[in-house]
Amino acid sequence: MHDPYAHITLPAGTILFEEGEPGAYAYLITSGRIEIFLRRDGREIPLAVRGAGEIFGEMAILDSDPRSASARALEDCLLVPVSEAQIRHRLSETDPILRLCLGVVMARYRETASLLKEKGVVARRDAPPAGPSPSAQADFDAAISAVVLERELRRALDRREFELFFQPIVRLGGEQLAGFEALIRWRHPERGLVPPAAFIPVAEESGLIVDVTDWVVAEVGRVMPEIMLAGLQNVAAVDGSLFVSVNVSGHDLARASFPGMICEMLRTTGIAPGSLKLEITESTLMRDPGSAADALTLCRASGMGIAIDDFGTGYSSLSYLSTLPITTLKVDRAFVRAMLSEPRDRKIVQTILRLADEIGIPVVAEGIEEREEAVALAAMGCAYGQGYLFGRPVPLPETLALIRSWNGMEPVAHRLPAA
Ligand code: C2E
Ligand code: CA
Ligand code: CA
């Protein structure tokens with residue numbers, strides 16, 4: 001077999017594969033033309049000609065059936081093979097709705113091809129339909145769930161069923177309130193409070209996340225003056241002026257209008273840009289580094305803070321720390337949780353703290369649940385903490401009450417019941 005890592009040259013007239021053979025590769029045509037044909041009763045029936053910029057041979061590897069036709073070079077060709085593994089991996093990562101569509105297209109294509117081959121044979125309309133294979137059934141079920149959830153999300157946006165909860169972020173040591181992370185919840189009419197893990201992934205796949213973020217930003221603009229005001233009513237317990245951080249996704253950063261949309265919200269509400277932070281994960285940055293960098297640079301230039309969320313769990317190509325205007329690192333709670341029992345995790349936290357210190361930005365430790373974790377992190381020089389120890393995410397009225405009654409010196413007294 002040919003070298004799967006390189007272009008292959010196929011001299012004019014060469015047969016690449018024959019009908020009925022198993023297929024392990026599809027081919028991208030860089031130059032030349034390929035003829036797809038059938039052999040019947042000693043004759044050749046041409047089916048198609050494929051040229052530069054096209055792919056062929058994909059059917060057999062998409063549905064694992066034998067080659068449905070033969071392929072021959074009409075002229076000298078340059079081809080790049082695409083292996084079954086390369087295509088299968090991408091398919092498994094693809095939206096189930098797209099996979100379902102592809103499966104249907106493949107089945108219909110094969111059906112047409114077999115009718116063509118056995119000319120005169122008409123499809124039996126009384127034949128019972130073959131049931132879906134287990135994997136097709138799983139795709140079908142996943143597609144239904146995704147489509148239904150997506151429609152529900154659209155309706156939820158229209159009916160304003162989303163709500164922001166706020167979780168305190170405190171300065172470690174004195175435990176003064178520094179700010180809040182805004183975390184979305186869906187108040188579903190039948191299912192009650194739905195956590196973001198149950199709908200944010202579908203919102204991202206469907207592109208609806210952009211509308212969700214628009215709503216989050218507008219809502220933050222609406223409630224932030226109240227949060228700031230509550231902070232002014234309890235200045236002794238507050239570290240400077242309070243900030244609010246919002247989670248943004250790669251889709252948000254990819255649209256050119258994003259920085260303008262946030263700046264407009266800040267302008268119309270009169271909120272100081274420095275009071276708003278954007279939280280982005282490393283994987284978000286890696287997905288489309290160019291557009292993410294442009295958007296973040298504009299947002300930072302307007303004065304907003306930029307935090308890297310779940311730091312240490314993504315691809316950690318640290319190069320973005322020198323090129324992007326990052327102002328905060330948020331250490332993932334997996335390290336915080338394991339820190340006291342696992343020396344390795346403690347070392348990782350220490351290393352992140354040293355790194356942040358070297359580049360002159362503060363760290364927020366996420367997921368602090370135990371007093372000892374807060375004490376250890378403060379001793380290691382971590383400036384800020386967030387976690388159930390200080391407070392769970394709660395709706396706005398509880399948030400305002402929490403700010404007004406916050407007493408920085410006794411953080412444990414502020415533990416709230418589960419939200
Ligand atoms: P995240 O940005 O890492 O948010 C922190 C999550 O950790 C929150 O879960 C919070 O409730 C939880 N958490 C905080 N402290 C503790 C603790 O001490 N122990 C434990 N076990 N958990 C703690 P939540 O609210 O369910 O949010 C989950 C994820 O959903 C967020 O992770 C974020 O990635 C996403 N998300 C939430 N709101 C939004 C939003 O408005 N927009 C976008 N794009 N994503 C959001
Ligand atoms: Ca976050
Ligand atoms: Ca996080």
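The values are calculated or read from the model by the stated rules, or taken from the named source; none is laboratory data. Everything numeric here is computed off the predicted structure, so don't read it as measured data. Glycine also receives a Cβ, built like all others from the backbone with ideal geometry; neighbour counts cover every protein chain displayed. All accessible areas refer to the heavy atoms of the entire protein, side chains included, with ligands and DNA or RNA removed. Shrake-Rupley method; radii C 1.70, N 1.55, O 1.52, S 1.80 Å.
Has segment 233-250 got any residue that is of a type in the set (S, T, Y), touching a residue at least 60 places away in the same chain (Cβ under 8 Å), away from ligand 3 (no atom under 16 Å from the Cβ) and within 26 Å of A156 (Cα to Cα)?
Scanning segment 233-250, I find no residue that is of a type in the set (S, T, Y), touching a residue at least 60 places away in the same chain (Cβ under 8 Å), away from ligand 3 (no atom under 16 Å from the Cβ) and within 26 Å of A156 (Cα to Cα), so the answer is no.
Elements of the type strands (runs of 3 or more DSSP E) sitting completely within segment 10-94 and holding at least 3 residues that are buried (at least 16 other Cβ atoms within 10 Å of the Cβ), on the phi > 0 side of the Ramachandran plot and at pLDDT below 95: there are none.
Would you mind stating whether A338 is surrounded by 15 or more Cβ atoms within 10 Å (Cβ to Cβ) and within 16 Å of ligand 2 (Cβ to nearest atom)? No.
Please go through segment 264-311 and pick out each residue that is of a type outside the set (S, T, N, Q), part of a strand (DSSP E or B) and in contact with an Asp or Glu (Cβ under 8 Å, 6 or more places away or on another chain).
In the first step, residues of segment 264-311 are kept if they are of a type outside the set (S, T, N, Q); the result is 264-267, 270-274, 276-280, 282, 285-290, 292-296, 298-301, 303-311.
So of that shortlist, the ones also part of a strand (DSSP E or B) come out as 276-280, 305-311.
Selection gives E279, I280, A307, I308, D309, D310, F311.
Taking the conditions (1) part of a helix (DSSP H, G or I); (2) closer than 23 Å to V364 by Cα in turn, S241 satisfies each one other than (1). All told, A356 falls short of being touching a Cys at 6+ places or on another chain (Cβ under 8 Å) and either open to solvent by less than 70 Å² (accessible area, probe 1.4 Å) or more than 20 Å from S245 (Cα to Cα) (or both). Within segment 176-210, the set of residues being surrounded by 15 or more Cβ atoms within 10 Å (Cβ to Cβ) and assigned to a helix (DSSP H, G or I) comprises P196, I200, V202, A203, E204, E205, S206, I209, V210.
Checking each residue in segment 152-198 for being more than 17 Å from L400 (Cβ to Cβ), within 16 Å of ligand 2 (Cβ to nearest atom) and of a type in the set (A, V, I, L, M, F, W, C) picks out I184, A197. The one condition from (1) away from ligand 1 (no atom under 13 Å from the Cβ); (2) open to solvent by less than 20 Å² (accessible area, probe 1.4 Å); (3) over 27 Å from the mean Cα position of the chain (by Cα); (4) at pLDDT 95 or above that G408 does not meet is (4).
The residue of segment 322-348 that is nearest to F243 (Cα to Cα), among those that are more than 15 Å from ligand 1 (Cβ to nearest atom) and touching a helix residue (DSSP H, G or I) at 6+ places or on another chain (Cβ under 6 Å), is P325. Is it true that R267 is within 15 Å of V220 (Cα to Cα) and either open to solvent by 40 Å² or more (accessible area, probe 1.4 Å) or within 16 Å of ligand 3 (Cβ to nearest atom) (or both)? So R267 fits the description; yes.
Mind checking which residues of segment 162-172 are of a type outside the set (A, V, I, L, M, F, W, C) and crowded, with 18+ Cβ neighbours inside 10 Å? If you could, list the steps in order and put the result at the bottom.
Kept after step one, since they are of a type outside the set (A, V, I, L, M, F, W, C), are these residues of segment 162-172: 163, 167-168, 171.
Passing the criteria: Q167, P168, R171.
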